[in-house]
Amino acid sequence: MTSSDTERTPETTPTGESRLALVRRARRIDRVLAGTYPDARAELDFTTPLELLVATVLSAQTTDVRVNATTPKLFARYPDAAAYAEADPEELEDVLRPLGFFRAKAKAVMGLGKALVERFDGEVPNRMTDLVTLPGVGRKTANVVLGNAFGVPGITVDTHFGRLARRLGFTTEQDPVKVEQAVGELFPRRDWTMLSHHLVWHGRRVCHARRPACGACPVARWCPSSGTGEQDPVAAAALVRLSGPR
């Protein structure tokens, strides 16, 4: 083992357990969440990599529900990157108006379309190094597209994932890239995309930011933060959302 490997995989963790114990606990939690949320998936509707890329960019500062209500008309009107690149700004803004910040979002998807046409022949690239060169696309968006449109494993660190990764004691990092790296080291690469869905779904439904439903949590026994939320099983069950606030 090299010195860099030693730095990357310390013998002890922020929770005080051994590295091996953390890996085993983390993977057990993921298995339980997989059984709890067998339908976990990306909650943005799409049929092509371009649709998912655009929907993910549009989902900033709004809900997946609003994006999904808006994209059928959007995708029908703008079927490819060239259509976005050549869009009339006012027409595009009108379609995106329900999402809020519609002028900025229209400008963003037009810029995205132009970049795809000019640099990638209108096709969405399937490599992280290429995706993050596109305007408005960071690692989070790139991992969403890679994992769900191309089958390339990736960890999507949104606010839910980051919150749960810290509550579960997987990492203490705050920076999304460092969270991605730290959590990725605990799981086989093949599991990264579904791990992301499991934690996001759990965060939206049970492990809420302000009042987690600890008394109704299927992984409470393995969670070092269990007890910070509602403990009474009946009261906790009332906090559970059958479908996440998307």
*Stick to the Cα atoms of the stretch 158-215, pair each with every other, and give me the Kirkwood hydrodynamic radius in Å at one decimal.*
11.5 Å
*For the stretch 119-200, divide the Cα radius of gyration by the Kirkwood radius and give the resulting Rg/Rh value with two decimals.*
0.99
*asked:* How much length would be gained if the chain were fully extended between Thr48 and Arg221, taking 0.36 nm per residue of separation minus their Cα-Cα distance, in nm to one decimal?
replied: 58.3 nm
*Can you give the direction-averaged projected area of the convex hull of the alpha-carbon atoms in the stretch 27-117, in nm²?*
6.8 nm²
*Computed over the chain: relative contact order in percent, which uses C-alpha pairs under 8 Å that are six or more apart*: 19 percent
*asked:* So if the hydrodynamic radius of the stretch 96-246 is defined as the Kirkwood radius over C-alpha pairs, what does Stokes-Einstein give as its diffusion coefficient at 20 °C and 1.002 mPa s, in µm² per second?
replied: 125 µm²/s
*Once fully extended, how much extra length lies between Gln174 and Thr36, figured as 0.36 nm per residue of separation less the alpha-carbon to alpha-carbon distance?*
47.0 nm
*Using only the alpha carbons, work out the radius of gyration and Dmax of the stretch 69-109 in angstrom.*
9.1, 24
*To the nearest Å, what is the center-to-center distance of the stretch 77-100 and the stretch 17-31, using C-alpha atoms only?*
46 Å
*If contacts are Cα pairs under 8 angstrom and at least 6 residues apart, what is the relative contact order of the stretch 132-246 in percent?*
22 percent
*What lysines could a cross-link reach from Lys107, if we take a straight Cα to Cα line under 26 Å and drop same-chain neighbours fewer than 8 places away?*
Lys73, Lys140
_Highest average packing first - 46-56, 203-213, Cβ atoms within 10 Å_ = 46-56, 203-213
*Please identify which residues in the stretch 154-170 have an amide N closer than 11 Å to a label point set 7 Å out from the Cα of Thr228, following the Cα→Cβ vector.*
163-170
_Segment Glu91-Arg127, length gained on full extension (0.36 nm per residue, minus Cα span)_ = 9.8 nm
*Peptides 146-159, 98-111, 31-44 ordered by average Cβ neighbours within 10 Å, highest first*: 146-159, 98-111, 31-44
*Can you give the convex hull volume of the alpha carbon atoms of the stretch 1-153 per residue, in Å³?*
152 Å³
_Please report, in whole Å³, the volume per residue of the convex hull around the C-alpha atoms of the stretch 183-246._
94 Å³
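Each reported figure results from applying straightforward, stated rules to the coordinates on display, with no laboratory input. What you see is a predicted model; the values in this text were computed from it and never measured. Positions of Cβ are backbone-derived with ideal geometry, glycine not excepted, and every protein chain shown enters the neighbour counts.
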